[in-house]
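A.B. asks: Right, I'll just put the structure down here and ask away after.
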Amino acid sequence: MNEQKRPGGAFWCVVALTLPILYVLSMGPGCWVSSRFGGAKAVTIVYRPVTWAAELTGSDFMMLGIQKYSRLGTRENPEYWCWTLSPESPGSASWSVAYLDVLPSDLLMQPGPSSP
């Protein structure tokens, strides 16, 4: 008789490490689909742990990465889909559409105050 072995510890370690990575990577496609077919509230709820972590740490790198990755496959103008991320209020981020008079690239490229 040929009995199958049950998954061992190594298998479960790989699963435990892979699932969180897949969860974070699914954020982009989730946003892309919701920008075309609806479901922004569901995306906001499902990915709240990711946005909360970025807001809590105050990491501009993480927040900008979330914005850019989430926008890769979204619908184009006149709708501008974005996350409202606020380090001052962690856990309040939402994925929604904003109507802008300024191109998003202009918002990211504004020069900071110059030093005398």
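A.B. asks: Can you say whether Arg48 is charged (D, E, K, R) and in contact with a Gly (Cβ under 8 Å, 6 or more places away or on another chain), as far as the supplied structure shows?
C.D. replies: yes
A.B. asks: Further, regarding this structure: Have a look at Leu25, Leu17 and point out the one that is modelled with pLDDT of 90 or more and over 10 Å from the mean Cα position of the chain (by Cα).
C.D. replies: Leu17
A.B. asks: Just one of the numbered conditions (1) exposed (fewer than 13 other Cβ atoms within 10 Å of the Cβ); (2) over 14 Å from the mean Cα position of the chain (by Cα) is not true of Leu72; which one?
C.D. replies: (2)
A.B. asks: Taking Trp81 and the conditions (1) surrounded by fewer than 17 Cβ atoms within 10 Å (Cβ to Cβ); (2) in contact (Cβ under 8 Å) with a residue 40 or more places away in the chain, which numbered condition does it fall short on, given that it satisfies the others?
C.D. replies: (1)
A.B. asks: Scanning segment 56-81 for residues that are more than 10 Å from Gly28 (Cβ to Cβ) and touching a Ser or Thr at 6+ places or on another chain (Cβ under 6 Å), which turns out modelled with the highest pLDDT?
C.D. replies: Filtering first and then ranking leaves Trp81.
A.B. asks: On to the next question. Return the residues of segment 57-100 that are of a type in the set (D, E, K, R) and closer than 24 Å to Arg36 by Cβ; say none if nothing qualifies.
C.D. replies: Answer for segment 57-100, where residues must be of a type in the set (D, E, K, R) and closer than 24 Å to Arg36 by Cβ: Lys68, Arg71, Arg75, Glu76, Glu79.
A.B. asks: Which helices (runs of 4 or more DSSP H) sit wholly inside segment 1-83 and have at least 2 residues that are out of contact with any His (no Cβ under 9 Å at 6 or more places or on another chain) and of a type in the set (Val, Ile, Thr)?
C.D. replies: 9-25, 40-46, 48-57
The values are calculated or read from the model by the stated rules, or taken from the named source; none is laboratory data. Predicted model, so just to flag it, every value in this text is computed and none were measured. Glycine gets a Cβ as well: all are built from the backbone with ideal geometry, and neighbour counts include every protein chain shown.
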